[in-house]
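A.B. asks: Below you'll find the structure I mean.
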Amino acid sequence: MAMFKPENVEDLYEIGEVLGSGHFGEVRRVRELATGTLWAGKFVKLRKTSCSLLGLERSRVEQEVEVIQALQHPNIVTLKDVFESRSEVVLILEIVSGGELFDFIAEKEMLMEDEAIEFMKQILDGLGFMHGKNIGHFDLKPENIMLSDKKAPHPQIKLIDFGLAHHFVPGEEYKSTSGTPQYIAPEVINSEPLGTAADMWSIGVITYILLSGMSPFQGHTDEDTLRNVLAVDYEFDTQCFSTTSSTAKDFIQKLLVKNPSDRLTAEESLRHPWIKPLTRQQKVNRNRSSINMKNFKKFNARRMWKRSYNMVWICNRLVRLKLLCKGSSDAPESCTPSV
Ligand code: AMP
């Protein structure tokens, strides 16, 4: 069992405002008292009993810590320290202050494909490094692709949230059905053994959205979405993709492939002509193509709205839970989105 520091995090860090929240905790800006340096503190509530609905198993937090420690790469968030108290673990992470890539792009008037590709390259670099170490992220989505500093001339991508990541040991068969319906690969839904190719499916979905502002498999309900994913039921709507290059569509088509072993790997993706043009003509076509900014802005606005709606939904569910388990020590203290 991994040992985390038993000190009280508040003796060493001043705890600041909330930067974001995930399923199992919240992330706050923290200032190291000794140096004044800013970090992001991820506060993860630990599950009190094995049948408790709230919090996370300690072993799951250990896995997240082990994975981030194994990944020292410029496009992957770094971990400085880990503290543990009776009820929670606090991960002290590099602070990523440029916000989400999608929000950064949505503020622009226009984005050419070659500018979008600079971001894709960094995502694929980070992912290639991760996959080379036999680690899958398994929760790639726009919320987990951030920028270190959006004011920098060339903002740097940082991949975050390794809460569902898995480090494969040779010969291991790993299954998981967790993920987000829009971005999840068919083999995850089918509860089949997984490999790092599941992340490449998510890259296909993210690229499709980035270029068109449309989500390829989105249905009216999550069930519809999952059904569309299983049937690989998507198309390139001529209007939404009117400004997209044919090599970009080819890139997506080589990722949204049902059989994981037929999908491009991260390394192969970096060599695809959309990312690395082979001919002058491919380069010219790419440089003339742009993302569908009008649709992309709409997609991003809907995404933000949905997120605040989900927060309210979580709060309501918590209130109901609290009423149900009144008197139980597992009852949540307050209606905060910190689960
Ligand atoms: P997570 O549970 O890791 O997905 O984090 C939840 C949210 O906290 C993210 O969606 C981000 O908005 C924010 N966040 C996570 N890690 C960091 C970080 N290192 N720096 C800044 N914000 C972060």
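A.B. asks: Can you pull out the residues in the stretch 73-86 that are of a type outside the set (Ser, Thr, Tyr), outside any strand (DSSP E or B) and at pLDDT below 95?
C.D. replies: Arg86
A.B. asks: Ok, one more. Pairs only if they're at least six apart or on different chains, beta carbon under 8 angstrom, first in the stretch 284-305 and assigned by TED's automatic domain parsing to the domain that holds Gln239 and under 18 Å from Thr244 (Cα atoms), second assigned to a helix (DSSP H, G or I) and open to solvent by 70 Å² or more (accessible area, probe 1.4 Å); list them, first residue then second.
C.D. replies: Asn285/Ser246
A.B. asks: Does Leu127 satisfy the criteria of being modelled with pLDDT of 95 or more, away from the ligand (no atom under 16 Å from the Cβ), open to solvent by less than 30 Å² (accessible area, probe 1.4 Å) and more than 18 Å from Val232 (Cβ to Cβ)?
C.D. replies: yes
A.B. asks: Here is a follow-up. Checking Met112 against (1) in contact (Cβ under 8 Å) with a residue 60 or more places away in the chain; (2) open to solvent by less than 40 Å² (accessible area, probe 1.4 Å), only one condition comes out false. Which one?
C.D. replies: (2)
A.B. asks: Further question on the same structure: In the stretch 130-155, which residues are within 16 Å of the ligand (Cβ to nearest atom) and open to solvent by 40 Å² or more (accessible area, probe 1.4 Å)?
C.D. replies: Answer for the stretch 130-155, where residues must be within 16 Å of the ligand (Cβ to nearest atom) and open to solvent by 40 Å² or more (accessible area, probe 1.4 Å): Glu143, Asp149, Lys150, Lys151.
A.B. asks: Let me ask something additional. Looking at the stretch 124-139, I want the residues that are under 15 Å from Glu268 (Cβ atoms) and assigned to a loop (DSSP other than H, G, I, E, B) and have a partner that is modelled with pLDDT under 95 and not aliphatic (A, V, I, L, M) with Cβ atoms under 8 Å, at least 6 apart or on another chain. Which pairs are those?
C.D. replies: none
The rows are residues; the columns are (1) outside the structural domain of His166 (by TED's automatic domain parsing); (2) modelled with pLDDT of 95 or more; (3) away from the ligand (no atom under 12 Å from the Cβ).
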site: Glu14; (1), (2), (3): yes, yes, yes
site: Ala34; (1), (2), (3): yes, yes, yes
site: Thr37; (1), (2), (3): yes, yes, yes
site: Leu56; (1), (2), (3): yes, no, no
site: Glu88; (1), (2), (3): yes, no, yes
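A.B. asks: In addition: Based on what the data block shows, is Ile160 in the same structural domain as Val232 (by TED's automatic domain parsing), out of contact with any Asp or Glu (no Cβ under 9 Å at 6 or more places or on another chain) and open to solvent by 10 Å² or more (accessible area, probe 1.4 Å)?
C.D. replies: Against the criterion (in the same structural domain as Val232 (by TED's automatic domain parsing), out of contact with any Asp or Glu (no Cβ under 9 Å at 6 or more places or on another chain) and open to solvent by 10 Å² or more (accessible area, probe 1.4 Å)), Ile160 does not qualify.
A.B. asks: Could you tell me whether the stretch 66-82 includes any residue that is farther than 25 Å from Leu140 by Cβ and under 23 Å from the mean Cα position of the chain (by Cα)?
C.D. replies: The answer is yes, given that some residue of the stretch 66-82 is farther than 25 Å from Leu140 by Cβ and under 23 Å from the mean Cα position of the chain (by Cα).
A.B. asks: Name every residue in the stretch 196-226 that is of a type outside the set (A, V, I, L, M), more than 17 Å from the chain's Cα centre (by Cα) and under 18 Å from Asn259 (Cα atoms), in order of residue number.
C.D. replies: Pro216, Phe217
A.B. asks: Looking at (1) hydrophobic (A, V, I, L, M, F, W, C); (2) under 18 Å from the mean Cα position of the chain (by Cα); (3) assigned to a loop (DSSP other than H, G, I, E, B), which one does Phe102 not meet, given that it meets all the others?
C.D. replies: For Phe102, the exception is condition (3).
The values are calculated or read from the model by the stated rules, or taken from the named source; none is laboratory data. Since this is a predicted model, take the numbers as computed values, not measurements. Using ideal geometry, Cβ is built from the backbone for each residue, glycine included, and neighbour counts are taken over all protein chains shown. For accessibility, only protein heavy atoms count, side chains too; no ligands or nucleic acids. Shrake-Rupley method; radii C 1.70, N 1.55, O 1.52, S 1.80 Å.
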